[in-house]
Structure formats: structure tokens, C-alpha cells
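Following: one structure in C-alpha cells, then a few remarks.
The values are calculated or read from the model by the stated rules, or taken from the named source; none is laboratory data. Remember, predicted model here, so these are calculated numbers, not experimental data. Reconstructed Cβ throughout: ideal geometry from the backbone, glycine too, with neighbour counts over all protein chains shown.
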Amino acid sequence: MRTDIPDVSGRFGKILVIVTLVTTTGLHWAMLQSVAWTTMLAGNLCTRSLSESVARTFDGKYPCPLCKAIAAAKKSEKKNEFTAPTPKLEFPPMKENLVLIAPLNFQLLPLANTFAEPLPQPPLTPPPRSLSA
């Protein structure tokens, strides 16, 4: 078996898992939005001060075309989501005065002592001595 050929199937599987996680969690929209804000901030810094540029970039009143496209894509993506209808649980009516009856062979067991009994006297054998003494 040749060892100089890289394991492409292992890399492809890892990349596929990463791409799947990114798209299912919506991280791709956050990355695109970050690119849009960075571009807007850089464009605003050319003509305005830092505080004005930051305010204009993040106030939402002046969205760039990429921000508009991201918002439209998010909105259309939410419309396509499948929501399973949750069935409403219905229980039959019950009598108001419910009585529980114990079985005929019911008996209470005595409580067991779960603590160890203390030794009345110390052990008879002396402790072992070390070999070096």
C-alpha cells in the first residue's frame, strides 16, 4: 500500500461535517453579516469620523445591498422550515373524588439500619511492621 497518497476520503468527510454544522446552525449568515458590516464600516470611514461611521454602520437605517440580500434570504429560509403539528393531548373526564385503594397483600417493611455497627474492641492483631526496621 502506498503511503504517499493523502487520505482524501477522511478529509472530505470532516469538511462535509463542518459545512453541515455551519449551515444548520446559521453560522454562514453571521459570517456574511460580519463581511457586510466590515465593508460598510470601511466605506463609511472614508468620508466620516469613527463614531459617525460606527453609528451609521450598525443603526440599521442605511443597509448596504449585501445586508438587504442577507435579510431577504433569512426571511425566505424561515418560510421554508417545516414545522410538525403537535397533537393536542385530550384526556377523558374523570370523577372528582378519586380514591386509591391499597392491595390486599400490602405490608410495610421495617426500616433497615444502613449504618455499619461500630466495633466493640480494637482488632486483635498488631499492625504490620516495616521491613527496614
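Okay, here's what the table says:
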{"item": "Residue in the range 23-30 that is modelled with pLDDT of 85 or more, hydroxyl-bearing (Ser, Thr, Tyr) and not in a loop (DSSP other than H, G, I, E, B) present", "result": "no"}
{"item": "Those residues of the range 32-52 which are aliphatic (A, V, I, L, M) and within 13 Å of Ala71 (Cα to Cα), in sequence order", "result": "Leu32, Ala36"}
{"item": "Flag for Val8 being among the aliphatic types (A, V, I, L, M) and modelled with pLDDT of 90 or more", "result": "no"}
{"item": "Flag for Val54 being surrounded by 11 or more Cβ atoms within 10 Å (Cβ to Cβ), under 28 Å from the mean Cα position of the chain (by Cα) and at pLDDT 85 or above", "result": "no"}
{"item": "Single unsatisfied condition, Ile18 versus (1) in contact with a Cys (Cβ under 8 Å, 6 or more places away or on another chain); (2) over 18 Å from Lys68 (Cα atoms)", "result": "(1)"}
{"item": "Any chance Ala102 is among the hydrophobic types (A, V, I, L, M, F, W, C), over 30 Å from Thr24 (Cα atoms) and either at pLDDT below 80 or assigned to a loop (DSSP other than H, G, I, E, B) (or both)", "result": "yes"}
{"item": "Filter result for Ala36 (at pLDDT 90 or above and surrounded by 11 or more Cβ atoms within 10 Å (Cβ to Cβ))", "result": "yes"}
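Table: residues versus (1) within 42 Å of the chain's Cα centre (by Cα); (2) in a helix (DSSP H, G or I); (3) modelled with pLDDT of 80 or more.
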| site | (1), (2), (3) |
| --- | --- |
| Cys67 | yes, yes, yes |
| Ala73 | yes, yes, yes |
| Gln107 | no, no, yes |
| Ala112 | no, no, no |
| Glu117 | no, no, no |
| Ser132 | no, no, no |
